[in-house]
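What follows is a set of notes on a single structure, which appears directly below.
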Protein chains: 2
Amino acid sequence: MSSTPSLPDLASTDVVTLTQAVCDIPSVSGDEAVLADAVEAALSGFAHLEVLRDGDAVIARTRLGRDARVVVAGHLDTVPIRDNLPTRRRNESGELWGRGTVDMKGGVAVALHLAARLTEPAKDVTWVFYDNEEVDGDRNGLGRVARHHPDWLEADFAVLGEPSNGNIEGGCNGTLRAEVRLTGRTAHSARAWMGQNAIHDAADVLARLAAYEPAEIEVEGLVYREGLNAVGITGGVAGNMIPPECTVTVNYRFAPDKTPDQAFAHVREVLPGYEVTLTDAAPAARPGLEHPVAQDFVAAVSAVTGGAPRPKYGWTDVARFSALGIPAVNFGPGDPNLAHADDERVPTDQITAAAAALGAWLSPTTEEST
Amino acid sequence: MSSTPSLPDLASTDVVTLTQAVCDIPSVSGDEAVLADAVEAALSGFAHLEVLRDGDAVIARTRLGRDARVVVAGHLDTVPIRDNLPTRRRNESGELWGRGTVDMKGGVAVALHLAARLTEPAKDVTWVFYDNEEVDGDRNGLGRVARHHPDWLEADFAVLGEPSNGNIEGGCNGTLRAEVRLTGRTAHSARAWMGQNAIHDAADVLARLAAYEPAEIEVEGLVYREGLNAVGITGGVAGNMIPPECTVTVNYRFAPDKTPDQAFAHVREVLPGYEVTLTDAAPAARPGLEHPVAQDFVAAVSAVTGGAPRPKYGWTDVARFSALGIPAVNFGPGDPNLAHADDERVPTDQITAAAAALGAWLSPTTEEST
């Protein structure tokens with residue numbers, strides 16, 4: 001008979017071994033149930049934690065009546081496995097290789113490790129482990145919990161364990177997609193002068209995008225680098241027809257100084273006179289580092305890593321917290337450039353450093369920063 | 001019991017009624033057998049004709065030992081029917097409406113009409129009715145006959161009954177397609193500066209095509225108008241990825257002064273430094289109007305229509321005759337701009353005029369032009 005996969009005892013296992021164990025229970029988006037069961041079981045033995053569940057999201061929280069409550073969150077799912085599980089530990093390079101080691105089971109393991117050990121944290125903590133982050137936003141487990149149980153997420157500040165090389169990456173750029181539609185007039189290509197070539201008409205659109213110089217925008221002391229790019233183009237009916245239509249799909253990554261509406265207005269300014277349709281947008285998140293709890297966290301991390309907060313360029317679920325009115329930052333082990341890569345791998349000392357920094361911040365012995 | 005569709009007696013039916021009868025036997029490419037059977041049966045009653053068959057191609061020829069032999073050819077197939085059969089005759093406008101009336105059962109009916117009536121033509125005539133012209137070139141019935149029975153097509157000159165508004169349209173432009181491939185480097189679109197956007201790189205290719213001024217080239221007294229167009233474009237991997245590749249499909253319609261190799265070299269000159277791959281090419285055909293038999297034909301048509309030869313812009317099967325060393329022209333009733341259209345229709349007087357001109361040329365009473 002086969003045994004149900006389980007995690008080792010959280011209180012006695014080192015955080016790197018725990019990361020490896022979390023990675024070795026596969027949990028591609030939509031198939032997180034086995035890992036969610038293991039996480040729920042591993043957390044249920046601790047008297048200081050109340051464990052809750054919604055679908056494949058597991059929440060564990062202290063209820064100590066502290067002045068402040070923080071959320072520490074991480075998603076359980078990964079992108080598809082590419083022959084890169086089980087994990088392999090390379091002691092000579094100090095790395096752990098395999099799917100999820102970066103995005104983001106290192107962050108999940110740090111949270112599980114601390115959830116078990118911090119029996120009397122200085123702040124009340126809600127540990128959130130959720131499903132379906134790597135797929136369409138409407139399936140996102142954090143979004144679902146926010147809809148089903150908004151009270152479960154109430155907090156003064158949130159830390160999302162997305163890979164950030166162990167630095168604090170504040171807020172995130174927003175993102176929108178829009179379609180630029182060129183309309184011509186078809187004709188047989190042997191009599192091209194009777195038509196109007198919509199693909200040729202796209203030349204100016206692409207030239208404007210190629211010449212566009214993205215802005216660098218400072219928000220709360222962090223400099224966000226924007227980007228405006230064609231991410232798709234399609235046109236043409238048949239090999240002997242003048243194309244009557246061409247559509248350019250544009251992606252704009254915009255800094256947290258703009259709402260999605262303002263960002264779309266900017267895209268229309270860059271492409272004046274063109275038919276531009278917004279297809280989807282996700283708001284940016286301000287870094288939120290002005291909050292005293294956030295400054296406290298920055299000091300704790302800086303004491304361990306020596307690093308200062310940076311901006312996050314990619315869109316992450318910190319924007320969901322931001323939309324709930326909760327300042328949030330990204331903080332987790334792993335290089336985001338290796339997320340989703342076949343050679344995904346994390347330096348194990350980033351995992352232990354993240355656990356040390358987060359633990360120092362939440363431990364009752366930590367002095368509050370001024 | 002259902003009767004097998006048949007054509008009316010060729011010798012006693014007027015050519016417009018015959019056109020209608022030919023159109024009303026559906027013969028979409030690949031389904032020409034019923035019409036081919038009817039054509040074979042209708043031609044088989046005449047002692048002056050030898051009737052041959054290859055697949056759904058029917059050939060009827062005189063064997064009078066004349067000094068010259070000409071081919072008069074037309075394809076039996078049409079593009080798909082779009083609720084435009086049976087044909088409708090509109091006497092008030094003098095038009096016959098319906099699929100095939102233009103492309104090219106008018107030309108087929110003219111040939112059937114004359115094949116039956118010209119029992120002793122001034123030149124030996126090979127009447128060719130073939131299948132699968134409207135589909136991929138490798139299925140073309142004329143090409144198949146040329147491979148299976150090259151002797152059946154031997155001639156000094158060929159007239160192809162493709163719609164030309166009753167004018168002689170000499171030769172045809174060639175056509176080639178090529179792919180221009182831009183190669184960039186992918187990256188997450190939140191960190192666009194780490195990649196290179198291949199769609200943006202297509203801006204210059206499209207600008208060059210948009211600015212290109214197609215040549216007008218005189219060949220044997222006819223001016224061929226060329227065209228160089230993007231007919232397709234595709235690029236992009238995902239809405240959050242810098243596209244690593246973009247492909248522009250280009251169609252060049254080139255005058256009969258160029259071989260396909262020379263035409264492709266020209267495309268490469270227009271797009272210097274780009275990766276350009278030839279995907280397919282069909283040679284142009286020179287008008288061949290310098291041949292005495294051709295001049296004879298031009299004079300006969302001019303006597304009826306008053307018109308002078310023009311160039312053919314589109315590619316037609318005259319290029320197949322040209323490749324066999326047989327000068328060939330397009331000559332048939334119908335406006336080529338209405339070919340394949342839902343409102344395909346032909347003025348009936350173009351049908352009778354085409355029959356009169358072709359009949360005059362081939363009749364023994366015609367004086368040879370000098």
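The values are calculated or read from the model by the stated rules, or taken from the named source; none is laboratory data. Just so it is clear, the structure is predicted and the values come from calculations on it, not from any experiment. Here Cβ is always computed from backbone atoms with ideal geometry, including for glycine, and neighbour counts include all displayed protein chains.
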Problem set entry | Residues of region A:153-176 satisfying the condition of being within 14 Å of another protein chain (Cβ to nearest Cβ) and among the hydrophobic types (A, V, I, L, M, F, W, C) | A:Cys172, A:Leu176
Problem set entry | Residue match in region B:177-190 (condition: in contact (Cβ under 8 Å) with a residue 60 or more places away in the chain, within 17 Å of B:Ala281 (Cα to Cα) and surrounded by fewer than 20 Cβ atoms within 10 Å (Cβ to Cβ)) | yes
Seminar exercise, completed: Residue hits (region A:278-295; at pLDDT 90 or above and acidic (Asp, Glu)) are A:Asp280
Exercise. Out of all the residues in region B:1-18, which are part of a helix (DSSP H, G or I) and among the polar types (S, T, N, Q)?
Worked result: B:Thr17
Problem set entry | Among the candidates B:Pro309, B:Pro283, B:Pro272, residue that is closer than 23 Å to B:Asp349 by Cα and either among the charged types (D, E, K, R) or out of contact with any Cys (no Cβ under 7 Å at 6 or more places or on another chain) (or both) | B:Pro309
Exercise. Can you tell me which residue in region A:177-191 is nearest to A:Arg253 (Cα to Cα), limited to those that are hydroxyl-bearing (Ser, Thr, Tyr) and more than 9 Å from every other protein chain (Cβ to nearest Cβ)?
Worked result: A:Thr183
For this session: Working carefully through the options B:Leu35, B:Leu52, B:Leu64, find the one that is under 20 Å from the mean Cα position of the chain (by Cα) and within 21 Å of B:Arg117 (Cα to Cα).
Result: B:Leu35
For this session: Test each condition in (1) at the interface with another protein chain (Cβ under 7 Å from one of its Cβ atoms); (2) over 27 Å from A:Ala190 (Cα atoms); (3) modelled with pLDDT of 95 or more for B:Glu245 and report the one that comes out false.
Result: (1)
Exercise. Within region B:248-264, can you find the residues that are within 30 Å of B:Ala192 (Cβ to Cβ) and more than 9 Å from chain A (Cβ to nearest Cβ)?
Worked result: B:Val250
Exercise. Hey, any hits in region A:101-114 for a residue that's more than 24 Å from A:Arg310 (Cα to Cα), in the same structural domain as A:Val318 (by TED's automatic domain parsing) and of a type in the set (Lys, Arg)?
Worked result: no
Seminar exercise, completed: Residue count, region A:176-206, condition over 21 Å from B:Met241 (Cα atoms) and acidic (Asp, Glu), comes to 2
For this session: With the checklist (1) without any contact (Cβ under 8 Å) to a residue 12 or more places away in the chain; (2) in the same structural domain as A:Ser322 (by TED's automatic domain parsing); (3) of a type outside the set (D, E, K, R) in hand, flag the one item A:Ala207 doesn't pass.
Result: (2)
For this session: Report whether or not B:Leu96 is crowded, with 24+ Cβ neighbours inside 10 Å, more than 24 Å from B:Ile59 (Cβ to Cβ) and in contact with a helix residue (DSSP H, G or I) (Cβ under 9 Å, 6 or more places away or on another chain).
Result: yes
Problem set entry | Verdict on B:Trp315 being within 14 Å of chain A (Cβ to nearest Cβ) and aromatic (Phe, Trp, Tyr) | yes
Problem set entry | Within region A:283-304, tally of residues that are surrounded by fewer than 18 Cβ atoms within 10 Å (Cβ to Cβ) and not in a loop (DSSP other than H, G, I, E, B) | 5
For this session: Hey, can you tell me all the residues within region B:24-38 that are crowded, with 20+ Cβ neighbours inside 10 Å and farther than 12 Å from B:Asp77 by Cβ?
Result: B:Ala38
For this session: Quick one: in region A:331-370, of everything that is among the charged types (D, E, K, R) and surrounded by 20 or more Cβ atoms within 10 Å (Cβ to Cβ), which residue is modelled with the highest pLDDT?
Result: A:Arg345
Exercise. Can you find even one residue in region A:134-155 that is modelled with pLDDT of 95 or more, in contact with a strand residue (DSSP E or B) (Cβ under 7 Å, 6 or more places away or on another chain) and part of a strand (DSSP E or B)?
Worked result: no
Problem set entry | Every residue from region A:305-320 that is part of a loop (DSSP other than H, G, I, E, B) and out of contact with any helix residue (DSSP H, G or I) (no Cβ under 8 Å at 6 or more places or on another chain) | A:Gly306, A:Thr316
Seminar exercise, completed: In region A:217-240, anything of a type in the set (A, V, I, L, M), under 21 Å from A:Ala284 (Cα atoms) and more than 7 Å from chain B (Cβ to nearest Cβ) is listed as A:Ile217, A:Val219, A:Leu222, A:Val223, A:Leu228
Exercise. Of all residues in region A:267-276 being touching a residue at least 60 places away in the same chain (Cβ under 8 Å) and more than 15 Å from A:Leu228 (Cα to Cα), which is surrounded by the most Cβ atoms within 10 Å (Cβ to Cβ)?
Worked result: A:Tyr274
Seminar exercise, completed: Going through region A:192-216 in order, the residues found to be more than 7 Å from chain B (Cβ to nearest Cβ), crowded, with 18+ Cβ neighbours inside 10 Å and farther than 20 Å from B:Ala203 by Cβ are A:Gly195
